[in-house]
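Report on the following structure.
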Amino acid sequence: MQVAVQVREMRRARHLSQRQLAGRMQVPRTYISKIENGKAIPTLGSLERLAEALEVEMRYLVRDARSRRHEEVMAIFADPFLAEVAALLPHLDPFKRTLFYSAVRDAAMDRRRSA
């Protein structure tokens, strides 16, 4: 089922329709639909073609939520500023941590509204 979610998310992130992805793979659109709905399990060959069509490594199609979260955390720590902030958070008391989270959330919401 993880493959289904990954394929759908990656296809949408690339602004591709099921038909466009199917065209890149040279398969019927219904095959992409079945994969995304968990009604078809792609073969290893199909996974390779999916990865090529989506322009990603095949491992990104079969990763689970745990490895995806690990990759996201590693991406955060790769940014020096975010790594510094993350290191300081455990030292804040619960009240200050809540204030910090609220300020960040408010800033993010303001940014979304202005975009």
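Values in this text are rule-based calculations from the coordinates and carry no lab data. Quick caveat: nothing in here was measured; it's all calculated off a predicted structure. Cβ: placed from backbone, ideal geometry, glycine included. Neighbour counts: every protein chain shown.
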- Task: Output the relative contact order of the chain, whole-number percent, from Cα pairs under 8 angstrom with separation of 6+ residues.
- Result: 22 percent
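Could you give the length gained by full extension between Ala13 and Arg29, i.e. 0.36 nm per residue of separation minus their alpha carbon distance, to one decimal place? Kindly include the intermediate steps, with their values, before the conclusion.
Working: separation 16, 0.36 × 16 = 5.76 nm, distance 1.79 nm.
Contour length minus the Cα-Cα distance gives 4.0 nm.
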- Note on the structure: Between Val56 and Leu89, the FRET efficiency computed from the C-beta separation at R0 = 30 Å comes out, to the nearest 0.05, as 0.45
- Note on the structure: Computed about the Cα centre, the charge dipole of the chain from +1 Lys/Arg and -1 Asp/Glu charges at the Cβ has a magnitude in debye, to the nearest 20, of 600 debye
- Message: Between Arg68 and Val104, how high is the FRET efficiency from 1/(1 + (r/R0)^6) when r is the Cβ-Cβ distance and R₀ = 30 Å? Nearest 0.05.
- Response: 0.85
- Message: If every alpha-carbon in region 1-40 counts as one equal scatterer, what log10 I(q)/I(0) does Debye give at q = 0.19, 0.20, 0.21, 0.22 1/Å?
- Response: -0.45, -0.49, -0.55, -0.60
- Message: For the chain, compute Rg over Rh where Rg is the Cα radius of gyration and Rh is the Kirkwood radius from the inverse mean 1/r over Cα pairs.
- Response: 1.14
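With a cut-off of at most 13 other beta carbons within 10 Å, and DSSP calling the residue loop, which GluC sites (Glu not before Pro) in region 39-115 qualify? Please list them. Don't skip to the answer; put the middle values down first.
Numbers: sites: Glu48, Glu52, Glu55, Glu57, Glu71, Glu72, Glu84; in loops: Glu55, Glu57.
Passing sites in region 39-115 are Glu55, Glu57.
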- Message: Which one, Ser102, Ser17, Ser67, has the greatest fluctuation when you compute a Gaussian network model over the chain with C-alpha springs under 10 angstrom?
- Response: Ser102
- Query: So between Ile76 and Thr43, what do we pick up on full extension, going 0.36 nm a residue minus the alpha carbon distance?
  - Reply: 8.6 nm
- Message: Given the DSSP H assignment, sum -39500 (n - 2.57) over each helix run of at least 4 residues in the chain and divide by its residue total; what's the result at 222 nm in deg cm²/dmol, nearest 500?
- Response: -22500 deg cm²/dmol
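For region 17-63, which trypsin sites (Lys or Arg not before Pro) are both in a DSSP coil and crowded by at most 13 other Cβ atoms within 10 Å?
Lys39
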